[in-house]
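Q: Here it is: the structure, laid out below.
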Amino acid sequence: MQKLKFDSTSSIKGILFQFLIALERCFEMQEKQTVYIETYGDVSVLGNLFDSKQIESKLYKRPLNDSDKNVWKSIYNWTREDFPVDTFSSLILLTTQKVPIGSAWLHWNEKNPSERMDVLRNIKQSFDSRKRKDKVLATYMNDIFDAKNATKLSQITKMLYIDSINMDGNQYHKYLQEKYGKNIPDIQKGKYINHMFGYILNPDIVSHDWRITYDDFTRETEEITKTLVENTTVFPIKLKLIDVKKNDYNSYAFVEKIKDIKYGDDVISGAIDDYVHTASLIQQELEKSEIKKNSLLQYEENLKGSYATKYRKASRNCNDSERIAKSQDFYDDMTGSSDITFHTYNNVDLYFHNGMLHMIADENDELVWLLKNKANE
């Protein structure tokens, strides 16, 4: 689809990229450090003078050439009288732009202060020799090299580092998941980064100088990590029971209810197996914890509620001629998926879900598989 003239997707992506940069700086924070967003520039890290950074983030595809405005605008902003350059130990241009062979910015970080100043002067001299000049860039350069900024420019030149990263916003998001979500279950890593991303954009934080302290950020990461890990606890492994005497269960109520819908021995055998393994797991593990035991009781109530709703719906569509077939369909639907969980388990194994249904059916006359005939309702 063709973009409209007022489409602002690119600028929004740039802003989101800036916030991802800020998020990584939060993850990198050391004790007593603070990350500021849009206070001194895009992202700032303060608290330790030897490791205090001012970062300008740029999400662009074009190569980083000599007269690229992203570099010169950043230098221009840092030479402003109200910018506290002495507060920082480094000034960083973090960009997705590649530094091509032949660019004056190539190997900039390895150059000494004198060599860096020569690079800036040579670019300025080459720019001045052009017949046609970009007016905005000319304004930046003329002000940067104004005599009043000589001392500050010398200081900035020593502090400037160019960090070129080969990632777009989506790739950077995935990179953060892998790097900072190592203690998070794989299925929750995206949720973890998204939560922390939302945290640094919290209106309450934004309204308080948009600063994120080490202590506050660490506390939030610990809380969300605990929540995500607990909510993805693996369900206990199915016990390996031997010598299950299935004939002993033939007279149980839950078996009789399966016989009512004329299901064969294979279905009954599977139901008995689920029943026995579920009862054993409850006895050997779940009942030992009061928390799990109480949660299991709530799980049972949820299963009853789900059953009642689905039973009513299935009965509305049932007539006498197809009652058995519809009842078998209902049984298969109820035992074919497990969409309810309990405690901190991310899911419940299907055998346990079905075993619980059979245990309820064994104790509760109201849980049956034979549907009501809608004509008799």
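Each value in this text was obtained by applying a stated rule to the coordinates, not by laboratory testing. For clarity, every value in this text was computed on a predicted model and none was experimentally measured. Here Cβ is always computed from backbone atoms with ideal geometry, including for glycine, and neighbour counts include all displayed protein chains.
Q: Relative to the longest principal axis of the C-alpha atoms of the chain, give the angle of the C-alpha long axis of helix 169-180, reported between 0 and 90° and rounded to the nearest 10°.
A: 70 degrees
Q: Report, ordered by chain and residue number, the lysines lying within cross-link reach of Lys246, taken as a straight Cα distance under 22 Å and ignoring same-chain residues fewer than 8 apart.
A: Answer for Lys246, where 22 Å is the Cα cut-off: Lys238, Lys257, Lys259, Lys262, listed by chain and number.
Q: Then there is this: Set the Förster radius R0 to 41 Å, insert the Cβ-Cβ distance between Gln283 and Thr309 as r into 1/(1 + (r/R0)^6), and round the FRET efficiency to 0.05.
A: Numbers: r = 30 Å, r/R0 = 0.72.
E between Gln283 and Thr309, to the nearest 0.05, is 0.90.
Q: Please find the FRET efficiency linking Lys69 to Ser337, where r is the Cβ-Cβ separation and R0 is fixed at 51 Å, and quote it to the nearest 0.05. Don't skip to the answer; put the middle values down first.
A: Numbers: r = 57 Å, r/R0 = 1.11.
Plugging the Cβ-Cβ distance into 1/(1 + (r/R0)^6) gives 0.35.
Q: How big is the C-alpha Rg of region 9-230 next to the rule-of-thumb value 2.2 N^0.38 Å, as a ratio? It would help to have the intermediate numbers written out before the result.
A: Numbers: Rg = 19.0 Å, N = 222, 2.2 N^0.38 = 17.1 Å.
Compactness ratio reported: 1.11.
Q: Angle, helix 323-335 long axis vs. longest principal axis of the chain, Cα atoms, 0 to 90°, nearest 10?
A: The angle comes out near 40 degrees.
Q: Under a Cβ-Cβ cut-off of 15 Å, what is the net charge of the residues other than Glu223 that fall near it, where Lys and Arg count +1 and Asp and Glu count -1?
A: Numbers: positive: Lys191, Arg219, Lys226; negative: Asp215, Asp216, Glu220, Glu222, Glu230.
Combined, the nearby Lys, Arg, Asp and Glu give -2.
Q: To continue, here is another question. Expressed as a whole number of Å, what is the distance separating the alpha-carbon centroids of region 238-286 and region 318-342?
A: 18 Å
Q: When DSSP assigns beta bridges and you keep just the ones with both residues in the chain, what percent turn out antiparallel, to the nearest 5? Before the final figure, lay out each step's value.
A: Details: 10 of 22 bridges.
Counting DSSP beta bridges with both partners in the chain, the antiparallel share is about 45 percent.
Q: If you take every residue apart from Pro63 with its C-beta less than 15 Å away from the C-beta of Pro63, what net charge results, scoring Lys and Arg +1 and Asp and Glu -1? Each step should come with its number before you reach the end.
A: Values: positive: Lys58, Lys61, Arg62, Lys69, Lys98; negative: Asp66, Asp68.
Spelling it out: positives minus negatives among the neighbours equals +3.
Q: With everything on Cα atoms, drop me the angle between helix 69-78 and the longest principal axis of the chain, reported from 0 to 90° to the nearest 10.
A: Value to nearest ten degrees: 80.
Q: Kindly identify region 214-264 as rounded, prolate or oblate by the Cα gyration tensor criterion: order the square roots of the eigenvalues as a ≥ b ≥ c, call it rounded if a/c is under 1.5, otherwise compare a/b with b/c, prolate if a/b is larger, else oblate.
A: Values: a/c = 6.94, a/b = 3.28, b/c = 2.11.
Prolate is the answer for region 214-264, as a/c is 1.5 or above and a/b outweighs b/c.
Q: Hey, another quick one. Given an 8 Å cut-off on Cα distances and at least 6 residues of separation, report the relative contact order of region 9-230 as a percent.
A: On the way: 292 pairs, mean separation 55.9, N = 222.
Contact order relative to length: 25 percent.
Q: Here is a follow-up. So, in Å, what gap is there between the alpha-carbon centers of region 160-174 and region 70-87?
A: What the calculation gives is 22 Å, centre to centre.
Q: Same structure again: On a straight-distance basis, which lysines could pair with Lys124 in a cross-link, Cα separation under 16 angstrom, same-chain partners fewer than 8 positions away excluded?
A: Lys69, Lys73, Lys133, Lys135
Q: Can you tell me the order of 47-57, 168-178, 280-290, 355-365 when each peptide is scored by its average per-residue count of other Cβ atoms within 10 angstrom, highest first?
A: Values: 47-57: 17.6, 168-178: 15.3, 280-290: 13.5, 355-365: 19.2.
The densest-packed peptide leads the list: 355-365, 47-57, 168-178, 280-290.
Q: Considering amide H positions built from the backbone, and no H for Pro or chain starts, which residues 5 or more places from Leu160, or on another chain, come under 5 Å of its amide H?
A: Leu91
Q: Okay, moving on. Just need the relative contact order of the chain here, percent rounded to a whole number, with Cα pairs under 8 Å and 6+ apart.
A: This gives 15 percent for the chain.
Q: Ser52's amide H: which non-local residues (gap 5+, or another chain) put their own amide H closer than 5 Å, with H modeled 1.01 Å from N in plane and none for Pro or chain starts?
A: Under 5 Å from the amide H of Ser52 lie the amide H atoms of Ser89, Ser90, each far enough along the sequence or on another chain.
Q: Check the straight Cα-Cα distances from Lys304 and name the aspartates and glutamates below 16 Å, setting aside those fewer than 8 residues away within the same chain.
A: Hits, sequence-local ones excluded: Asp333, Asp339, Asp362, Glu363, Asp365, Glu366.
Q: Then there's this: Take every Cα pair under 8 Å in region 246-376 that's 6+ residues apart, average their separations, divide by the length, and report that relative contact order as a whole percent. Can you show the working numbers first?
A: Values: 131 pairs, mean separation 51.7, N = 131.
RCO, region 246-376: 39 percent.
Q: Give me Rg/Rg_expected for region 18-88, where Rg uses Cα atoms only and Rg_expected = 2.2 N^0.38 Å with N residues. If you can, show how the numbers build up before the last one.
A: Values: Rg = 13.1 Å, N = 71, 2.2 N^0.38 = 11.1 Å.
Working it through for region 18-88, the quotient is 1.18.
Q: Do the sum for the chain: with -39,500 (n - 2.57) for every DSSP H run of n ≥ 4, divided by all residues, what is the mean residue ellipticity at 222 nm, to the nearest 500 deg cm²/dmol?
A: Values: 14 runs with 192 residues, N = 377.
Rounded to the nearest 500, the figure is -16500 deg cm²/dmol.
Q: Sticking with this one: Give me the percent of Cα-Cα pairs in the chain that sit more than 41 Å apart, rounded to a whole number.
A: Numbers: 31536 of 70876 pairs.
The answer is 44 percent, as a whole percent.
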